[in-house]
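Notes for the one structure printed next.
The values are calculated or read from the model by the stated rules, or taken from the named source; none is laboratory data. Everything numeric here is computed off the predicted structure, so don't read it as measured data. Glycine gets a Cβ as well: all are built from the backbone with ideal geometry, and neighbour counts include every protein chain shown. Accessible surface is based on the protein model in full, side chains and every heavy atom, while ligands, DNA and RNA are left aside. Shrake-Rupley method; radii C 1.70, N 1.55, O 1.52, S 1.80 Å.
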Amino acid sequence: MRNIPRVVIAATQSGAGKTTIVTGLLAALRQRGLKVQSFKAGPDYIDPGYHKLASGNPAHNLDSWLTPAEILPEILATEAEKNDIAIVEGVMGLYDGGRQGISSTAEIAKIIDAPVLLVIDAKSMGASAAAIAKGFRDYDPAVTLAGVILNRLGSDTHEQLIREAMIGIDMDVFGAVRRDESLKMPERHLGLLPVEENQERELIDCMGQAAARQIDLDKVLALARSAKPLMVKSAAVVNKRYPCRIGVARDEAFSFYYPASIKVLKRLGAEIVPFSPLHDGEPPAVDGLFIGGGFPEMFAEKLAGNTAMRKAIKVLAHKGMPILAECGGYMYLMEALQDFAGQVHEMAGVFSGQAVMTDKLQMVGYVEAELQQNTLLGNAGTKLKGHEFHFSKESETVSAAEAPFVFRKLRTGSEYPAGQQVQNVLGSYLHLHFAGCPQAAESFVRRCAVYGKERANGKV
(Lines give C-alpha, C1' and ligand atoms only; values in the text may rest on other atoms or scores of the structure.)
Protein backbone atom coordinates (compact mmCIF):
# COMPACT_ATOMS: atom_id res chain seq x y z
CA MET A 1 0.00 0.00 0.00
CA ARG A 2 1.43 3.38 -1.00
CA ASN A 3 0.25 6.76 0.27
CA ILE A 4 0.31 8.97 -2.85
CA PRO A 5 -1.60 12.30 -2.63
CA ARG A 6 -3.29 12.52 -6.02
CA VAL A 7 -6.08 14.19 -7.94
CA VAL A 8 -7.42 13.95 -11.50
CA ILE A 9 -8.32 17.12 -13.41
CA ALA A 10 -11.00 16.18 -15.95
CA ALA A 11 -13.27 18.22 -18.23
CA THR A 12 -16.66 18.09 -19.84
CA GLN A 13 -15.11 17.98 -23.34
CA SER A 14 -11.98 18.79 -25.30
CA GLY A 15 -11.21 22.49 -25.41
CA ALA A 16 -12.58 23.26 -21.94
CA GLY A 17 -9.17 24.51 -20.85
CA LYS A 18 -7.92 21.65 -18.69
CA THR A 19 -4.33 21.82 -20.00
CA THR A 20 -4.14 25.52 -19.09
CA ILE A 21 -5.68 24.79 -15.68
CA VAL A 22 -3.32 21.88 -14.99
CA THR A 23 -0.25 23.79 -16.19
CA GLY A 24 -1.25 26.71 -13.97
CA LEU A 25 -1.82 24.42 -10.98
CA LEU A 26 1.56 22.75 -11.42
CA ALA A 27 3.33 26.10 -11.70
CA ALA A 28 1.46 27.57 -8.72
CA LEU A 29 2.25 24.60 -6.46
CA ARG A 30 5.89 24.64 -7.56
CA GLN A 31 6.04 28.38 -6.83
CA ARG A 32 4.94 27.44 -3.29
CA GLY A 33 7.98 25.23 -3.00
CA LEU A 34 6.12 21.93 -3.35
CA LYS A 35 7.39 18.95 -5.33
CA VAL A 36 4.85 18.11 -7.99
CA GLN A 37 4.62 15.14 -10.37
CA SER A 38 2.20 15.26 -13.29
CA PHE A 39 0.61 12.64 -15.49
CA LYS A 40 -1.51 12.69 -18.65
CA ALA A 41 -4.37 10.27 -19.25
CA GLY A 42 -4.31 8.82 -22.74
CA PRO A 43 -1.62 8.75 -25.44
CA ASP A 44 -0.95 12.48 -25.95
CA TYR A 45 2.69 13.60 -26.20
CA ILE A 46 2.31 17.39 -26.36
CA ASP A 47 0.45 18.34 -23.16
CA PRO A 48 3.05 16.56 -20.97
CA GLY A 49 5.70 18.89 -22.37
CA TYR A 50 3.91 21.87 -20.81
CA HIS A 51 3.58 19.92 -17.57
CA LYS A 52 7.36 19.50 -17.49
CA LEU A 53 7.92 23.22 -18.04
CA ALA A 54 5.59 23.99 -15.14
CA SER A 55 6.60 21.29 -12.65
CA GLY A 56 10.24 20.77 -13.52
CA ASN A 57 9.69 17.00 -13.79
CA PRO A 58 9.08 14.82 -16.87
CA ALA A 59 5.39 13.99 -17.16
CA HIS A 60 4.18 10.42 -17.63
CA ASN A 61 1.23 8.95 -19.50
CA LEU A 62 -1.41 6.69 -17.95
CA ASP A 63 -3.12 4.73 -20.72
CA SER A 64 -5.00 1.48 -20.21
CA TRP A 65 -4.80 0.49 -23.89
CA LEU A 66 -1.10 1.12 -24.52
CA THR A 67 -0.18 -0.51 -21.19
CA PRO A 68 -2.00 -3.10 -19.05
CA ALA A 69 -4.35 -1.44 -16.56
CA GLU A 70 -2.76 -3.30 -13.65
CA ILE A 71 0.62 -1.56 -14.07
CA LEU A 72 -0.80 1.99 -14.00
CA PRO A 73 -0.75 2.24 -10.19
CA GLU A 74 2.88 1.10 -10.28
CA ILE A 75 3.80 3.79 -12.85
CA LEU A 76 2.02 6.46 -10.81
CA ALA A 77 3.52 5.37 -7.48
CA THR A 78 7.04 4.97 -8.86
CA GLU A 79 7.13 8.36 -10.54
CA ALA A 80 5.20 10.29 -7.85
CA GLU A 81 7.22 8.90 -4.93
CA LYS A 82 8.93 11.63 -2.87
CA ASN A 83 6.64 14.28 -4.39
CA ASP A 84 4.04 16.25 -2.42
CA ILE A 85 1.24 15.71 -4.92
CA ALA A 86 0.46 13.89 -8.18
CA ILE A 87 -1.81 15.70 -10.65
CA VAL A 88 -3.31 13.76 -13.55
CA GLU A 89 -4.67 15.67 -16.54
CA GLY A 90 -7.56 13.91 -18.23
CA VAL A 91 -8.14 13.33 -21.93
CA MET A 92 -11.12 14.80 -23.87
CA GLY A 93 -14.27 14.66 -21.75
CA LEU A 94 -14.37 12.69 -18.49
CA TYR A 95 -16.10 9.66 -20.02
CA ASP A 96 -14.57 9.81 -23.51
CA GLY A 97 -12.05 7.22 -24.64
CA GLY A 98 -11.69 4.27 -26.94
CA ARG A 99 -14.36 1.68 -27.58
CA GLN A 100 -16.44 1.02 -24.44
CA GLY A 101 -14.63 3.88 -22.70
CA ILE A 102 -11.22 2.22 -22.66
CA SER A 103 -8.53 4.58 -21.38
CA SER A 104 -11.05 7.31 -20.64
CA THR A 105 -10.28 9.71 -17.82
CA ALA A 106 -13.02 8.05 -15.77
CA GLU A 107 -11.47 4.62 -16.22
CA ILE A 108 -7.99 5.90 -15.30
CA ALA A 109 -9.39 7.65 -12.20
CA LYS A 110 -10.99 4.40 -11.04
CA ILE A 111 -7.84 2.36 -11.71
CA ILE A 112 -5.69 4.70 -9.60
CA ASP A 113 -8.52 5.33 -7.10
CA ALA A 114 -8.22 9.12 -7.29
CA PRO A 115 -10.74 11.92 -6.70
CA VAL A 116 -11.74 13.98 -9.74
CA LEU A 117 -12.20 17.71 -10.28
CA LEU A 118 -14.26 18.65 -13.32
CA VAL A 119 -13.28 21.69 -15.41
CA ILE A 120 -16.38 23.35 -16.88
CA ASP A 121 -16.13 25.96 -19.62
CA ALA A 122 -18.74 28.34 -18.21
CA LYS A 123 -18.60 30.88 -21.02
CA SER A 124 -22.17 31.81 -22.07
CA MET A 125 -23.59 29.62 -19.32
CA GLY A 126 -25.29 30.16 -15.99
CA ALA A 127 -27.07 27.65 -13.75
CA SER A 128 -26.82 25.09 -16.56
CA ALA A 129 -23.26 24.52 -15.33
CA ALA A 130 -24.73 22.90 -12.23
CA ALA A 131 -26.96 20.65 -14.34
CA ILE A 132 -23.88 19.55 -16.29
CA ALA A 133 -21.92 18.90 -13.11
CA LYS A 134 -24.78 16.88 -11.61
CA GLY A 135 -25.07 14.80 -14.77
CA PHE A 136 -21.37 14.03 -14.78
CA ARG A 137 -21.46 13.09 -11.10
CA ASP A 138 -24.49 10.84 -11.46
CA TYR A 139 -23.44 9.15 -14.71
CA ASP A 140 -21.03 6.80 -12.96
CA PRO A 141 -21.21 6.76 -9.14
CA ALA A 142 -17.97 4.74 -9.08
CA VAL A 143 -16.12 7.89 -10.16
CA THR A 144 -15.39 10.14 -7.16
CA LEU A 145 -16.31 13.51 -8.64
CA ALA A 146 -15.37 15.75 -5.72
CA GLY A 147 -15.93 19.20 -7.20
CA VAL A 148 -15.57 21.56 -10.12
CA ILE A 149 -13.27 24.28 -11.42
CA LEU A 150 -15.22 26.92 -13.31
CA ASN A 151 -13.33 28.26 -16.32
CA ARG A 152 -13.70 31.29 -18.62
CA LEU A 153 -15.99 33.24 -16.32
CA GLY A 154 -16.90 36.75 -17.44
CA SER A 155 -17.51 38.62 -14.17
CA ASP A 156 -18.07 38.41 -10.41
CA THR A 157 -21.83 38.27 -11.05
CA HIS A 158 -21.35 35.37 -13.47
CA GLU A 159 -19.27 33.51 -10.89
CA GLN A 160 -21.77 34.11 -8.08
CA LEU A 161 -24.67 32.90 -10.20
CA ILE A 162 -22.97 29.57 -10.87
CA ARG A 163 -21.67 29.17 -7.31
CA GLU A 164 -25.23 29.50 -6.00
CA ALA A 165 -26.42 26.87 -8.46
CA MET A 166 -23.61 24.53 -7.35
CA ILE A 167 -24.68 24.94 -3.71
CA GLY A 168 -28.10 23.70 -4.78
CA ILE A 169 -26.66 20.36 -5.93
CA ASP A 170 -24.10 20.13 -3.10
CA MET A 171 -21.12 20.49 -5.44
CA ASP A 172 -17.90 22.03 -4.15
CA VAL A 173 -16.24 24.74 -6.24
CA PHE A 174 -12.46 24.51 -6.08
CA GLY A 175 -11.72 27.39 -8.43
CA ALA A 176 -13.27 30.14 -10.52
CA VAL A 177 -11.07 31.27 -13.41
CA ARG A 178 -11.70 34.38 -15.52
CA ARG A 179 -11.44 34.50 -19.29
CA ASP A 180 -7.92 35.61 -20.19
CA GLU A 181 -6.80 35.34 -23.81
CA SER A 182 -3.22 36.24 -22.83
CA LEU A 183 -2.89 32.79 -21.24
CA LYS A 184 -3.94 30.97 -24.40
CA MET A 185 -1.41 28.44 -25.66
CA PRO A 186 -0.39 28.44 -29.36
CA GLU A 187 -1.87 25.62 -31.42
CA ARG A 188 -1.06 23.59 -34.52
CA HIS A 189 -2.78 20.86 -36.56
CA LEU A 190 -2.07 18.09 -34.00
CA GLY A 191 -2.99 20.27 -31.01
CA LEU A 192 -0.80 22.58 -28.97
CA LEU A 193 2.55 23.80 -30.26
CA PRO A 194 5.17 21.47 -28.70
CA VAL A 195 7.32 22.97 -25.98
CA GLU A 196 10.41 22.18 -28.05
CA GLU A 197 9.34 25.19 -30.13
CA ASN A 198 7.70 27.20 -27.36
CA GLN A 199 9.89 27.67 -24.30
CA GLU A 200 7.84 30.60 -23.00
CA ARG A 201 8.75 30.41 -19.34
CA GLU A 202 7.06 33.75 -18.72
CA LEU A 203 3.70 32.40 -19.95
CA ILE A 204 3.98 29.42 -17.60
CA ASP A 205 4.77 31.72 -14.68
CA CYS A 206 1.71 33.86 -15.52
CA MET A 207 -0.45 30.73 -15.59
CA GLY A 208 0.85 29.82 -12.16
CA GLN A 209 0.09 33.26 -10.76
CA ALA A 210 -3.42 33.18 -12.24
CA ALA A 211 -4.06 29.73 -10.75
CA ALA A 212 -2.81 30.83 -7.33
CA ARG A 213 -5.28 33.75 -7.37
CA GLN A 214 -8.30 31.88 -8.67
CA ILE A 215 -7.97 28.25 -7.51
CA ASP A 216 -8.05 27.24 -3.85
CA LEU A 217 -4.68 25.48 -3.71
CA ASP A 218 -5.09 24.45 -0.07
CA LYS A 219 -8.40 22.83 -0.90
CA VAL A 220 -6.88 20.97 -3.88
CA LEU A 221 -4.01 19.74 -1.69
CA ALA A 222 -6.42 18.58 1.01
CA LEU A 223 -8.46 16.67 -1.57
CA ALA A 224 -5.36 14.99 -3.00
CA ARG A 225 -4.23 13.98 0.50
CA SER A 226 -7.64 12.45 1.17
CA ALA A 227 -7.04 9.81 -1.53
CA LYS A 228 -6.88 6.31 -0.08
CA PRO A 229 -3.57 4.40 0.04
CA LEU A 230 -2.89 2.88 -3.38
CA MET A 231 -2.39 -0.85 -3.82
CA VAL A 232 0.72 -1.31 -5.97
CA LYS A 233 2.07 -4.61 -7.24
CA SER A 234 5.81 -5.18 -7.19
CA ALA A 235 7.49 -4.32 -10.49
CA ALA A 236 8.55 -7.24 -12.64
CA VAL A 237 12.26 -7.99 -12.35
CA VAL A 238 14.22 -7.75 -15.61
CA ASN A 239 16.66 -10.65 -15.62
CA LYS A 240 18.00 -10.26 -19.15
CA ARG A 241 20.16 -7.34 -20.24
CA TYR A 242 21.60 -6.64 -23.66
CA PRO A 243 24.31 -3.98 -23.42
CA CYS A 244 24.16 -1.65 -26.42
CA ARG A 245 23.88 1.99 -27.42
CA ILE A 246 20.68 3.27 -29.05
CA GLY A 247 20.53 6.68 -30.69
CA VAL A 248 17.21 8.43 -30.04
CA ALA A 249 16.27 11.35 -32.32
CA ARG A 250 15.40 14.37 -30.18
CA ASP A 251 14.93 17.89 -31.51
CA GLU A 252 12.18 20.23 -32.69
CA ALA A 253 11.13 17.76 -35.42
CA PHE A 254 11.18 14.55 -33.35
CA SER A 255 10.00 14.69 -29.74
CA PHE A 256 7.21 12.13 -29.27
CA TYR A 257 8.49 9.63 -26.70
CA TYR A 258 7.02 8.28 -23.47
CA PRO A 259 9.60 8.66 -20.65
CA ALA A 260 8.52 5.37 -19.06
CA SER A 261 8.89 3.68 -22.45
CA ILE A 262 12.49 4.85 -22.78
CA LYS A 263 13.13 3.61 -19.23
CA VAL A 264 12.20 0.10 -20.38
CA LEU A 265 14.96 0.21 -23.00
CA LYS A 266 17.41 1.34 -20.33
CA ARG A 267 16.41 -1.47 -17.95
CA LEU A 268 17.10 -3.94 -20.76
CA GLY A 269 20.67 -2.68 -21.00
CA ALA A 270 20.49 0.09 -23.59
CA GLU A 271 22.42 3.31 -23.19
CA ILE A 272 20.31 6.09 -24.72
CA VAL A 273 22.25 8.56 -26.87
CA PRO A 274 20.22 11.60 -28.03
CA PHE A 275 20.94 12.99 -31.49
CA SER A 276 19.36 15.52 -33.84
CA PRO A 277 18.50 14.79 -37.49
CA LEU A 278 17.99 18.56 -37.81
CA HIS A 279 21.23 19.89 -36.36
CA ASP A 280 23.85 17.11 -36.21
CA GLY A 281 26.13 16.24 -39.09
CA GLU A 282 25.84 12.49 -38.62
CA PRO A 283 24.32 9.93 -36.23
CA PRO A 284 26.35 9.04 -33.12
CA ALA A 285 28.37 5.84 -32.88
CA VAL A 286 25.56 3.53 -31.78
CA ASP A 287 24.17 0.05 -32.34
CA GLY A 288 20.64 1.07 -33.31
CA LEU A 289 18.40 4.07 -33.92
CA PHE A 290 14.95 5.02 -32.66
CA ILE A 291 13.33 7.87 -34.60
CA GLY A 292 10.02 8.75 -32.98
CA GLY A 293 7.11 10.93 -33.95
CA GLY A 294 6.91 14.71 -34.08
CA PHE A 295 6.58 17.37 -36.74
CA PRO A 296 9.00 16.65 -39.60
CA GLU A 297 6.53 18.39 -41.92
CA MET A 298 7.21 21.71 -40.19
CA PHE A 299 10.98 21.30 -40.63
CA ALA A 300 11.03 19.44 -43.94
CA GLU A 301 13.24 21.97 -45.72
CA LYS A 302 15.86 21.90 -42.98
CA LEU A 303 15.73 18.10 -42.72
CA ALA A 304 16.20 17.87 -46.48
CA GLY A 305 19.07 20.36 -46.27
CA ASN A 306 20.95 18.16 -43.81
CA THR A 307 22.15 15.90 -46.62
CA ALA A 308 24.95 14.36 -44.60
CA MET A 309 22.57 13.06 -41.92
CA ARG A 310 20.09 11.67 -44.46
CA LYS A 311 22.79 9.84 -46.41
CA ALA A 312 24.45 8.52 -43.25
CA ILE A 313 21.20 7.00 -41.99
CA LYS A 314 20.59 5.35 -45.38
CA VAL A 315 24.08 3.84 -45.31
CA LEU A 316 23.52 2.49 -41.80
CA ALA A 317 20.20 1.01 -42.89
CA HIS A 318 21.87 -0.81 -45.79
CA LYS A 319 24.55 -2.11 -43.39
CA GLY A 320 21.81 -3.80 -41.37
CA MET A 321 21.61 -1.49 -38.35
CA PRO A 322 18.34 -1.96 -36.42
CA ILE A 323 16.27 1.20 -36.88
CA LEU A 324 12.76 1.71 -35.47
CA ALA A 325 10.78 4.59 -36.97
CA GLU A 326 7.40 5.73 -35.60
CA CYS A 327 5.07 8.09 -37.46
CA GLY A 328 7.18 11.23 -38.00
CA GLY A 329 10.28 9.05 -38.08
CA TYR A 330 8.59 6.83 -40.67
CA MET A 331 7.88 9.89 -42.80
CA TYR A 332 11.53 10.96 -42.51
CA LEU A 333 12.77 7.59 -43.77
CA MET A 334 10.63 7.74 -46.92
CA GLU A 335 11.94 9.04 -50.24
CA ALA A 336 10.31 12.44 -49.84
CA LEU A 337 7.89 14.54 -47.81
CA GLN A 338 5.33 16.85 -49.42
CA ASP A 339 4.45 19.68 -47.03
CA PHE A 340 1.14 21.54 -46.59
CA ALA A 341 2.12 24.00 -49.36
CA GLY A 342 2.73 21.19 -51.84
CA GLN A 343 6.51 21.54 -51.77
CA VAL A 344 8.36 18.23 -52.05
CA HIS A 345 11.47 17.72 -49.88
CA GLU A 346 13.92 14.86 -50.23
CA MET A 347 14.14 12.62 -47.17
CA ALA A 348 16.37 9.68 -46.17
CA GLY A 349 15.14 7.30 -48.87
CA VAL A 350 15.23 4.11 -46.82
CA PHE A 351 11.55 3.40 -47.54
CA SER A 352 9.71 3.87 -50.83
CA GLY A 353 7.11 6.54 -51.54
CA GLN A 354 6.31 9.98 -50.19
CA ALA A 355 4.57 11.24 -47.08
CA VAL A 356 1.96 13.72 -48.28
CA MET A 357 0.50 16.24 -45.84
CA THR A 358 -3.26 16.80 -46.11
CA ASP A 359 -5.74 19.25 -44.60
CA LYS A 360 -7.77 16.37 -43.23
CA LEU A 361 -6.91 14.19 -40.26
CA GLN A 362 -6.16 10.78 -41.77
CA MET A 363 -6.31 8.68 -38.63
CA VAL A 364 -6.63 9.09 -34.88
CA GLY A 365 -7.29 6.28 -32.46
CA TYR A 366 -6.16 3.05 -30.89
CA VAL A 367 -5.12 0.11 -33.06
CA GLU A 368 -3.99 -3.46 -32.60
CA ALA A 369 -1.02 -4.21 -34.83
CA GLU A 370 -0.23 -7.79 -35.84
CA LEU A 371 3.19 -8.54 -37.32
CA GLN A 372 3.00 -10.36 -40.66
CA GLN A 373 6.75 -10.90 -40.84
CA ASN A 374 9.65 -11.45 -38.46
CA THR A 375 10.84 -7.96 -37.48
CA LEU A 376 13.04 -6.23 -34.91
CA LEU A 377 9.94 -6.01 -32.64
CA GLY A 378 9.20 -9.73 -32.75
CA ASN A 379 8.18 -12.59 -34.98
CA ALA A 380 5.20 -12.92 -37.28
CA GLY A 381 1.98 -13.31 -35.32
CA THR A 382 3.05 -10.95 -32.51
CA LYS A 383 0.25 -8.57 -31.56
CA LEU A 384 0.98 -5.06 -30.27
CA LYS A 385 -1.32 -2.36 -28.93
CA GLY A 386 -0.62 1.13 -30.24
CA HIS A 387 -1.99 4.46 -31.35
CA GLU A 388 -2.20 6.40 -34.63
CA PHE A 389 -2.56 10.19 -35.08
CA HIS A 390 -1.51 11.81 -38.35
CA PHE A 391 -2.51 14.23 -41.09
CA SER A 392 -0.20 12.71 -43.69
CA LYS A 393 -0.84 9.84 -46.07
CA GLU A 394 1.47 7.69 -48.14
CA SER A 395 1.65 8.40 -51.88
CA GLU A 396 1.86 4.67 -52.49
CA THR A 397 1.12 1.92 -50.04
CA VAL A 398 2.79 -1.47 -50.00
CA SER A 399 0.73 -4.54 -50.75
CA ALA A 400 -0.72 -6.69 -48.02
CA ALA A 401 1.88 -9.35 -48.86
CA GLU A 402 4.76 -6.88 -48.40
CA ALA A 403 3.49 -4.92 -45.37
CA PRO A 404 5.06 -5.92 -42.03
CA PHE A 405 1.85 -5.07 -40.13
CA VAL A 406 -1.88 -5.48 -40.31
CA PHE A 407 -3.56 -2.75 -38.24
CA ARG A 408 -6.98 -3.31 -36.71
CA LYS A 409 -8.94 -0.25 -35.55
CA LEU A 410 -10.27 -0.60 -32.02
CA ARG A 411 -13.45 1.38 -32.68
CA THR A 412 -14.57 -0.26 -35.93
CA GLY A 413 -12.62 -3.50 -36.26
CA SER A 414 -11.57 -2.57 -39.81
CA GLU A 415 -8.20 -3.91 -40.94
CA TYR A 416 -5.54 -2.62 -43.33
CA PRO A 417 -1.91 -3.41 -44.21
CA ALA A 418 0.60 -0.93 -42.79
CA GLY A 419 4.24 0.02 -42.58
CA GLN A 420 7.41 -0.97 -44.39
CA GLN A 421 10.42 -3.12 -43.58
CA VAL A 422 13.84 -2.97 -45.23
CA GLN A 423 16.47 -5.30 -43.77
CA ASN A 424 16.59 -4.40 -40.04
CA VAL A 425 14.61 -1.17 -40.47
CA LEU A 426 10.95 -1.10 -39.42
CA GLY A 427 8.66 1.88 -39.86
CA SER A 428 4.96 2.66 -39.63
CA TYR A 429 2.50 5.20 -38.24
CA LEU A 430 2.25 3.12 -35.05
CA HIS A 431 3.12 4.70 -31.67
CA LEU A 432 4.05 2.16 -28.99
CA HIS A 433 4.61 2.31 -25.24
CA PHE A 434 7.27 -0.26 -24.35
CA ALA A 435 5.91 -0.63 -20.81
CA GLY A 436 2.91 -2.21 -22.52
CA CYS A 437 4.91 -4.47 -24.83
CA PRO A 438 8.14 -5.37 -22.99
CA GLN A 439 8.74 -8.38 -25.25
CA ALA A 440 8.89 -6.07 -28.28
CA ALA A 441 11.29 -3.79 -26.42
CA GLU A 442 13.48 -6.78 -25.53
CA SER A 443 13.49 -7.93 -29.15
CA PHE A 444 14.57 -4.46 -30.32
CA VAL A 445 17.34 -4.09 -27.72
CA ARG A 446 18.57 -7.64 -28.37
CA ARG A 447 18.82 -6.89 -32.11
CA CYS A 448 20.80 -3.74 -31.34
CA ALA A 449 23.16 -5.67 -29.05
CA VAL A 450 23.80 -8.28 -31.74
CA TYR A 451 24.54 -5.57 -34.28
CA GLY A 452 26.85 -3.89 -31.76
CA LYS A 453 28.92 -7.06 -31.38
CA GLU A 454 29.14 -7.40 -35.15
CA ARG A 455 30.18 -3.76 -35.43
CA ALA A 456 32.83 -4.22 -32.75
CA ASN A 457 34.20 -7.27 -34.59
CA GLY A 458 34.35 -5.38 -37.88
CA LYS A 459 31.65 -7.50 -39.54
CA VAL A 460 29.53 -4.46 -40.56
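Could you work out the local net charge near N457, counting Lys and Arg as +1, Asp and Glu as -1, over the other residues with Cβ closer than 15 Å to its Cβ? If you can, show how the numbers build up before the last one.
Values: positive: K319, K453, R455, K459; negative: D287, E454.
Surrounding charge for N457 is +2.
Which loop trypsin sites (Lys or Arg not before Pro) in the stretch 134-189, with loop taken from DSSP, have no more than 13 other Cβ atoms within 10 angstrom of their Cβ? Walk me through the intermediate numbers first.
Working: sites: K134, R137, R152, R163, R178, R179, K184, R188; in loops: R179, K184.
Listed in order of number, the matching sites are K184.
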Unit charges at the beta carbon, dipole of the stretch 318-435: most positive-side option, H433, Q420, G320: H433
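Using the Cα centre of the chain as the reference point, and only Cβ charges (+1 on K/R, -1 on D/E), how large is the resulting charge dipole? Debye, rounded to the nearest 20.
Working: 50 positive and 52 negative charges, 272 e Å.
Taking the Cα centre of the chain as origin, the dipole is about 1300 debye.
With a/c under 1.5 counting as rounded, go ahead and sort the stretch 339-460 into rounded, prolate or oblate using the C-alpha gyration tensor (a ≥ b ≥ c being the square roots of the eigenvalues; past the cut-off, prolate if a/b is larger than b/c, else oblate). Walk me through the intermediate numbers first.
Working: a/c = 2.07, a/b = 1.30, b/c = 1.60.
In terms of gyration-tensor shape, oblate.
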Fully extended contour minus Cα-Cα distance, from R32 to E271, at 0.36 nm per residue: 82.5 nm
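If you restrict to DSSP beta bridges whose two residues both lie in the chain, what percentage is antiparallel, to the nearest 5? Provide the component values of the computation, followed by the final result.
Working: 34 of 80 bridges.
Taking every DSSP beta bridge with both residues in the chain, the antiparallel ones total about 45 percent.
Which whole-number percent is the relative contact order of the chain (Cα, under 8 Å, 6+ apart)?
Numbers: 1058 pairs, mean separation 66.1, N = 460.
It comes to 14 percent, rounded to a whole number.
Which of the pairs K134/K219; K40/K393; K263/K360; K314/K409; K18/K302; K228/K409 have their Cα atoms more than 30 Å apart in this structure? Kindly include the intermediate steps, with their values, before the conclusion.
Details: K134/K219 20 Å; K40/K393 28 Å; K263/K360 34 Å; K314/K409 32 Å; K18/K302 34 Å; K228/K409 36 Å.
Those over the limit are K263/K360; K314/K409; K18/K302; K228/K409.
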Unpartnered cysteines - no second Cys beta carbon under 4.7 Å - across the chain: C206, C327, C437
Alpha carbon centroid spacing (whole Å) that separates the stretch 255-269 from the stretch 23-68: 17 Å
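Share of the chain's accessible area from carbon and sulfur, percent, 1.4 Å?
48 percent
When Lys and Arg each count +1 and Asp and Glu each count -1, what net charge do the other residues less than 13 Å away from V364, Cβ to Cβ, add up to? Kindly include the intermediate steps, with their values, before the conclusion.
Numbers: positive: K360, K409, R411; negative: D44, D96, E388.
So the surrounding residues net to 0.
With r defined as the distance between the Cβ atoms of R99 and T358 and R0 fixed at 41 Å, what FRET efficiency is calculated, to the nearest 0.05?
Numbers: r = 25 Å, r/R0 = 0.62.
It comes out at approximately 0.95.
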Heavy-atom accessible area per residue - the chain, 1.4 Å, Å²: 41 Å²
Three-way shape call for the stretch 7-156 based on the alpha-carbon gyration tensor, with the a/c threshold at 1.5: oblate
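Go ahead and estimate [θ] at 222 nm for the chain from helices alone: -39,500 (n - 2.57) per DSSP H run with n ≥ 4, summed, over the residue count, rounded to 500.
Values: 13 runs with 140 residues, N = 460.
Value at 222 nm, helices only, nearest 500: -9000 deg cm²/dmol.
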The stretch 330-431: relative contact order in percent, alpha carbon pairs under 8 Å with at least 6 residues between: 24 percent
For the stretch 355-367, 3J(HN,Hα) per residue [Karplus equation, 6.51 cos²θ - 1.76 cosθ + 1.60, θ = phi - 60°, Hz, x = Gly/Pro]: 8, 10, 6, 10, 7, 10, 4, 7, 7, 8, x, 7, 9
Under 10 Å, Cβ to Cβ, from P243 - net charge with Lys/Arg +1 and Asp/Glu -1: +1
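Which trypsin sites (Lys or Arg not before Pro) from the stretch 346-402 combine a DSSP loop assignment with at most 10 other Cβ atoms within 10 Å? Please report the intermediate quantities before stating the final value.
Numbers: sites: K360, K383, K385, K393; in loops: K360.
Those satisfying the criteria are K360.
Starting from the stretch 298-403, pick out the GluC sites (Glu not before Pro) whose DSSP state is loop and whose Cβ has at most 13 other Cβ atoms within 10 Å. Provide the component values of the computation, followed by the final result.
On the way: sites: E301, E326, E335, E346, E368, E370, E388, E394, E396, E402; in loops: E335, E396, E402.
Here the GluC sites (Glu not before Pro) that fit, given the DSSP loop and packing criteria, are E396.
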Label corresponding to Rg and Dmax of the Cα atoms in Å when calculated from the structure given, among (i) 31.8, 103; (ii) 22.8, 76; (iii) 20.6, 64: (ii)
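If a/c stays under 1.5 just call it rounded; otherwise compare a/b with b/c (prolate if a/b is bigger, oblate if not). Do that for the stretch 48-101, with a ≥ b ≥ c from the square roots of the Cα gyration tensor eigenvalues. Walk me through the intermediate numbers first.
Working: a/c = 2.38, a/b = 1.44, b/c = 1.65.
Oblate.
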Distance (nanometres) between label positions extended 7 Å along Cα→Cβ at N3 and K52: 3.2 nm
Eligible aspartates and glutamates near K82 by straight Cα distance, threshold 15 Å, same-chain separation 8 or greater: E74
